[in-house]
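Engineer: One structure, pasted below without further comment.
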Amino acid sequence: MKKFLIFVLVLCSSVIFCTAQDKPVIIGYVGGYRGLINVNVSAKKLSIINYAFVDVKDNRAWLHREATDTVNFRRLNELKKQNPALKIVISIGGWTWSGKFSDAVLTDTARAAFAASAVDIVRKYDLDGVDIDWEYPTIKGLDGNIYRPEDKQNYTLMFRDLRHALDSIKQQTGKSYLLTTAAGGFKNFVDNTEMGKAQQYLDYINLMTYDYSSKIAEHHTNLHKSKLYKGKNSADKAVDAFIAAGVPSEKLVMGIAFYGRAYNLASDTKSGIGDSILNRDRGWGYSTIKDSLVNQNGYVEYRDKKAKAPYLYNASKRQFITYDDEWSVKKKCKYVLKNKMGGVMFWEYSSDPKEYLLDEANTILK
């Protein structure tokens, strides 16, 4: 009888663990690139915090702001007192610091050294894994970035070597480590990588299904294609492209924008959406958009029901603002559940300090 009870307890524990693991993750990027972070973070509402960013220097992962990065790591680890299941992961690169990836992973020797340097940071500061935000392999990102055709294969090999390095310290520490990546939410990213091969080394692929933009006023983070203008990008299209490339849906994580993009439009504008852009204006975080702009001060809120995306238009200022709100986040989260995806992620925590969108994601996914 005693052995039977022990067996049942172990079995139940395993079931509970598996069930917890099967829940969609909520991944939040927290920006430490500015300096010290605000640690008013609701740890219980998050599965993983991606610390943005670690830089690349001399083909190594490098703490660009070491004095504040190290403090931030300690503060983030303290959040585990509130949520012991929370994982803290370093995100390497980002839009500004992606220029050296191509050199850092160009050869076997360089890749091994780069992987070792990233894992050394994880081990030294008792963190939980590595996220790569390379914008972009084989494709021009920021002016001045190095990119070359060999990036396509080296991108895959980088993850292989990172996975090996993380598994090596697992043997020493006894704990498992996450390896994830932020991926461009558009087909050209898929065409210039080997995502079907790379995914075997990755726990999650965070789709940057935001910052869609062109020369017209269009949604920057729409779930589906709009009928209001001729646009080529959407989250749904990105998901299809990654699955077609061989990525299992349970590894794909839907991107949510916690900020809005603002554009000033040409004088011949008619309805805002689909009209010509003069220039980009400063954007706002969602807390500000919701509290100070929606249906206030000349900004009228609209919902594109086909695209599942809201927008604001101010006719007197000829200003168009595109963003995610609770309605669009709910649609994205339900899409994640329907398509058995890994979860959602967002950029970036400080843009919605009142947690309107984080609360909505928790309501649907947890």
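Just so you know, all these numbers are worked out from the coordinates, no wet-lab data involved. Nothing here was measured: the structure is a model prediction, and the numbers come from that model. Here Cβ is always computed from backbone atoms with ideal geometry, including for glycine, and neighbour counts include all displayed protein chains.
Engineer: Helix 356-365 sits at what angle to the longest principal axis of the chain, using alpha carbons and giving 0 to 90 degrees rounded to 10?
Structural biologist: So the inclination is approximately 60 degrees.
Engineer: Would you mind giving the three semi-axes, in whole Å and largest first, of the ellipsoid equivalent to region 19-167 according to its Cα gyration tensor? Don't jump to the answer; show the numbers that get you there.
Structural biologist: On the way: eigenvalues 144, 55, 41 Å².
Listed largest to smallest, the semi-axes of region 19-167 are 27, 17, 14 Å.
Engineer: Can you list which of the trypsin sites (Lys or Arg not before Pro) found in region 94-151 are DSSP loop residues with at most 14 other C-beta atoms within 10 Å? Write down the numbers at each step before the final one.
Structural biologist: Details: sites: LYS100, ARG111, ARG123, LYS124, LYS140; in loops: LYS100, LYS140.
Hits after loop and neighbour filter: LYS140.
Engineer: So, with +1 on the Cβ of K and R and -1 on the Cβ of D and E, and no other charges, what is the size of the charge dipole of region 283-366 about its Cα centre, to the nearest 20 debye?
Structural biologist: On the way: 15 positive and 11 negative charges, 112 e Å.
Dipole magnitude for region 283-366 comes out near 540 debye.
Engineer: Quick check on the chain: helices-only [θ] at 222 nm, where DSSP H runs of length 4 and up contribute -39,500 (n - 2.57) each and the sum goes over total residues. Nearest 500, please.
Structural biologist: Value at 222 nm, helices only, nearest 500: -10000 deg cm²/dmol.
Engineer: Angle, helix 108-124 long axis vs. longest principal axis of the chain, Cα atoms, 0 to 90°, nearest 10?
Structural biologist: The angle comes out at about 80 degrees.
Engineer: Given the pairs LYS140/LYS170; LYS152/LYS332; LYS100/LYS340; LYS306/LYS330, which are separated by over 24 angstrom at their Cα positions?
Structural biologist: Numbers: LYS140/LYS170 35 Å; LYS152/LYS332 30 Å; LYS100/LYS340 35 Å; LYS306/LYS330 14 Å.
Violating the 24 Å limit, Cα to Cα: LYS140/LYS170; LYS152/LYS332; LYS100/LYS340.
Engineer: For region 237-283, state which trypsin sites (Lys or Arg not before Pro) are in a DSSP loop and have at most 10 other beta carbons lying within 10 Å of their beta carbon. Each step should come with its number before you reach the end.
Structural biologist: On the way: sites: LYS237, LYS251, ARG261, LYS270, ARG280, ARG282; in loops: LYS270, ARG282.
When the trypsin sites (Lys or Arg not before Pro) of region 237-283 are filtered for loop state and at most 10 Cβ neighbours within 10 Å, LYS270, ARG282 remain.
Engineer: Given the C-alpha centroids of region 264-293 and region 194-234, what is the distance between them in whole angstrom?
Structural biologist: 20
Engineer: Continuing with the same structure: Return the whole-Å distance between the Cα centroid of region 127-158 and the Cα centroid of region 329-349.
Structural biologist: 25
Engineer: Okay, moving on. Taking the Cα centre of the chain as origin, sum charge times position over the Cβ atoms of Lys and Arg (+1) and Asp and Glu (-1), and report the length of that vector in debye to the nearest 20.
Structural biologist: Values: 53 positive and 41 negative charges, 192 e Å.
About 920 debye.
Engineer: Another question about this same structure. As a test of the definition: which semi-axes, in Å, follow for the chain when you take the square root of five times each eigenvalue of its alpha carbon gyration tensor? Largest first, please.
Structural biologist: Numbers: eigenvalues 236, 126, 81 Å².
Result for the chain: semi-axes of 34, 25, 20 Å.
Engineer: Same structure, new question: Can you list residues whose amide H is under 5 Å from GLY283's amide H, if they're 5+ apart or on another chain and H is modeled 1.01 Å from N?
Structural biologist: ALA262
Engineer: While we're looking at this one, here's another question. Quick one: putting +1 on the C-beta of Lys and Arg, -1 on the C-beta of Asp and Glu, what dipole do you get for region 250-311 around its Cα centre, in Debye to the nearest 20?
Structural biologist: Values: 10 positive and 7 negative charges, 40 e Å.
My answer is approximately 200 debye.
Engineer: Now for a separate question. Could you work out how far helix 326-338 tilts from the main Cα principal axis of the chain, as a 0 to 90 degree angle to the nearest 10?
Structural biologist: For helix 326-338, the angle is close to 50 degrees.
Engineer: Filter the cross-link list LYS290/LYS331; LYS57/LYS124; LYS45/LYS237; LYS44/LYS237; LYS232/LYS270; LYS227/LYS305 down to pairs whose alpha-carbon distance in this structure exceeds 20 Å.
Structural biologist: On the way: LYS290/LYS331 18 Å; LYS57/LYS124 18 Å; LYS45/LYS237 28 Å; LYS44/LYS237 31 Å; LYS232/LYS270 22 Å; LYS227/LYS305 9 Å.
Where the Cα-Cα span goes over 20 Å, the pairs concerned are LYS45/LYS237; LYS44/LYS237; LYS232/LYS270.
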